[in-house]
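Right, one structure below, let's go through it.
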Amino acid sequence: MNTAIVTTTAATVSPFIQNLQQQQQQKPQTSKEAIAANVKALIEQLEEGHSEGLTAYLMAMGRFHNYSFGNILEIARQKPSATRVAGMYAWNQLGRRVNKGEKGIRILAPMTGIRRKKDDEAAKDVRTQNQSVLVGFRSVYVFDVSQTEGLELPELSSRVSGDVGERMERLLDFIAAQGILLEYKESIAPALGMSYGGKIVLLPGQSPAESFSTLVHEVAHEMLHKSERRTATTKVVRETEAEAIAFVVGRTIGLDTGRASADYIHLYHGNAALLTESLEVIQKASAVILSALESPIKDDAAESTESEEVA
């Protein structure tokens, strides 16, 4: 779980939130049902011309990039302003207590059981006599730091505002590790960057923040759009996905991206399956890049809540 605390303004009640207040009473019991309910609410909002719920989800991708696709949707829907979440036990271990009367954020956690082999099968390999298997999901509740009080939390990663800091070097290392060449050429102007499948070309002279954002955008193309997915999506969707990933990563490390939230409405063109697929690939790619940018310091709270995570 990302440990940087992101400052946000209080969110107004949007159609995304209103549409799901009634669904909270139904509490879907499977991961697929929860995802479907949240995506349906996003679609209803997009069809009405609103995209604040989608933007809240993109922000949550960065803050909680170690969480699953479905649980990020759940956190963003129930508490769009959440910046750092953990279970009650984890907060207690950090010297903090959940404030009286606070409502938890419901997520889904896996339930596992033991599948016992028959005697004759078990005799063949004693190491695999009993296997742990997924038998379903259960509701667990986490709380945002704003719902707690107690000891101050350590800042386990530096916060930046318009300055990429050491993250540029980490991004360059990540690009090199993928076997992607990086070049700088003025001839690509007015484009800021280009992706050629195994090679990225940047326009020289950009500010560090602009170069970082452009690099993330082009890396996203390298990760997502230089394979079979390219023929299965439109140019608009591909560009929007790459820009959404740059938005998630940039905002997570504190950059002022200047992106208009309404741009992300292009992810949806009357196709619920495409919207779900796009959101999932954006989340996964953002998580990979953010993990590469993280400092090696571990977050004890994140480790404590991993047991409450859904696959």
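Would you please give the FRET efficiency between Ser187 and Ser291, computed as 1/(1 + (r/R0)^6) with r the Cβ-Cβ distance and R0 = 35 Å, to the nearest 0.05?
0.55
For Thr148, which sequence-distant residues (separation of 5 or more, or a different chain) have an amide H within less than 5 Å of its own amide H, given hydrogens modelled in the peptide plane?
The list, which skips near neighbours in sequence, is Asn99.
Per residue of the range 188-198, in order, report the coupling 6.51 cos²θ - 1.76 cosθ + 1.60 (Karplus, θ = phi - 60°) as ³J(HN,Hα) in whole Hz, putting x for Gly and Pro.
In residue order, the calculated couplings are 7, 3, x, 5, 7, x, 9, 10, 10, x, x Hz.
Taking amide H positions as placed in the peptide plane 1.01 Å from N, state which residues far from His50 in sequence (5 or more) or on other chains have amide H under 5 Å from it.
For His50, whose amide H was placed from the backbone, there are no distant partners under 5 Å.
Would you mind checking Lys40/Lys79; Lys185/Lys235; Lys199/Lys235 for any pair whose Cα atoms are more than 22 angstrom apart?
Going by Cα-Cα distance, Lys185/Lys235 fall outside the 22 Å limit.
Along the Cα→Cβ direction, 7 angstrom out, place labels at Asn99 and Asp256. What is the inter-label distance in nm?
2.9 nm
Quick one: net charge around Met61, please, counting Lys, Arg +1 and Asp, Glu -1 for every other residue with C-beta under 11 Å from its C-beta.
Cβ neighbours under 11 Å give a net charge of +2.
Pull out the extension gain between Tyr89 and Ala176, defined as 0.36 nm times the separation in residues minus the alpha carbon to alpha carbon distance; nm, one decimal.
Stretched fully, the Tyr89-Ala176 segment lengthens by 27.3 nm.
Express the accessible area of the range 212-251 per residue in Å², computed with a 1.4 Å probe while the remaining protein chains stay in the model.
Accessible area per residue: 36 Å².
For the range 173-258, with the dipole built from +1 on Lys and Arg beta-carbon atoms and -1 on Asp and Glu ones, taken about the Cα centre, which of Gln178, Ser227, Val248 lies farthest toward the positive end?
Ser227
Applying the Karplus parametrisation 6.51 cos²θ - 1.76 cosθ + 1.60 with θ = phi - 60° to the phi angles of the range 34-50, what ³J(HN,Hα) value in whole Hz is obtained for each residue in order, glycine and proline being reported as x?
Result, ordered by residue: 5, 4, 4, 5, 5, 5, 4, 5, 4, 4, 4, 5, 5, 5, 8, x, 10 Hz.
If each residue of separation counts as 0.36 nm, what is the full-extension length gain between Met111 and Lys40 once their alpha-carbon separation is subtracted?
23.0 nm
The values are calculated or read from the model by the stated rules, or taken from the named source; none is laboratory data. Here the structure is a predicted model, which means the values were calculated and not measured. As a convention, Cβ positions derive from the backbone with ideal geometry for all residues, glycine included, and neighbour counts pool all protein chains shown. All accessible areas refer to the heavy atoms of the entire protein, side chains included, with ligands and DNA or RNA removed. Shrake-Rupley method; radii C 1.70, N 1.55, O 1.52, S 1.80 Å.
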